[in-house]
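The values are calculated or read from the model by the stated rules, or taken from the named source; none is laboratory data. Since the model is a prediction, treat every value here as computed from it, not as a measurement. Cβ atoms come from the backbone with ideal geometry, glycine included; neighbour counts cover every protein chain shown. The accessibility values were calculated without ligands, DNA or RNA, using every heavy atom of the protein model including side chains. Shrake-Rupley method; radii C 1.70, N 1.55, O 1.52, S 1.80 Å.
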Amino acid sequence: LGYTKLICTPHIISDIHPNSAETILPKLELVRNALKEKNINVVIEAAAEYMVDIDMEKEVKSGRPLLTFGRNLILIEMSYIGPSPNMERVVFQLRMDGLQPVIAHPERYGYYHNDFDMYQRFADMGCLLQVNLLSLQGYYGKPVKLAAEKLIKNNMVDLLGTDMHHEKHLAALKELASKKDFYKLFETANI
């Protein structure tokens, strides 16, 4: 697909995916070594996708370094069932710590589809928004695709991510890349 750099962002969800820098970074080195052995020339880095919950808030307050990408970007997410009640506190603390919160897949939070002002609220709080390419493929259903397209058309999207977890996702990304009308969506966007 033409990617020359990959940033892997494994989930950190305390009771489901109890990852940390101590579990993620050694695996990054294993992958880098495997790529080198196979002469695959791609830059690969790792950060994390943090679920904003009570445990994540405690981690932020602890002062321990968090896994970021770029200069200071930190990928955060909420449950698909309902918004994180401590979202504003966590975002505030991250900003005070000099980190730039990036909200992962805002288009997948169905509870905001009829409250688009909330996306602007996140921007006003200093968050960036990252839409998943798979959402634009329609992989998660029509309402998610429409929300992603609306966010892009309103110039509210700062970053794109693949959300690639397995080969089925790769096939969907290849299909999306082959659609000529897909690229028209970005003609006026500032992504």
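What does the charge dipole of the chain about its Cα centre add up to, to the nearest 20 debye, if the Cβ of each Lys and Arg holds +1 and the Cβ of each Asp and Glu holds -1?
The dipole of the chain has a size of about 560 debye.
So how do 50-57, 129-136, 109-116 stack up, highest first, on mean other-Cβ count within 10 Å?
Values: 50-57: 19.4, 129-136: 22.8, 109-116: 14.4.
Top of the packing list down: 129-136, 50-57, 109-116.
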Exercise. Provide the packing ranking of 33-39, 75-81, 120-126, 101-107, i.e. peptides ordered by the mean count of other C-beta atoms within 10 Å per residue, highest first.
Key: 101-107, 75-81, 120-126, 33-39
Exercise. Within 10 Å, count the other beta carbons around each residue, average over each peptide in 155-166, 176-187, 17-28, and list them highest first.
Key: 155-166, 17-28, 176-187
Quiz item: Taking the Cβ-Cβ separation of residue 29 and residue 166 as r and a Förster radius of 22 Å, what is the calculated FRET efficiency to the nearest 0.05?
Solution: 0.50
Quiz item: On the first, second and third principal axes, largest extent first, how far apart are the outermost C-alpha atoms of segment 73-191 in Å?
Solution: 42, 31, 28
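So, with a 1.4 angstrom probe, what is the percent of accessible area on the chain that is carbon and sulfur? Before the final figure, lay out the partial values.
Numbers: 5930 of 11160 Å².
Heavy-atom surface of the chain belonging to carbon and sulfur, 1.4 Å probe: 53 percent.
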Quiz prompt | Amide H partners (placed H, <5 Å) of residue 49, local residues excluded | solution = 11, 12
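May I ask you to give the solvent-accessible area per residue for segment 98-140, in square angstrom, as obtained with a 1.4 angstrom probe?
Details: 1460 Å² over 43 residues.
That works out to 34 Å² per residue.
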Quiz item: What is the set of long-range amide H partners of residue 6 at a cut-off below 5 Å, with H atoms built 1.01 Å from backbone N?
Solution: 43, 44, 45
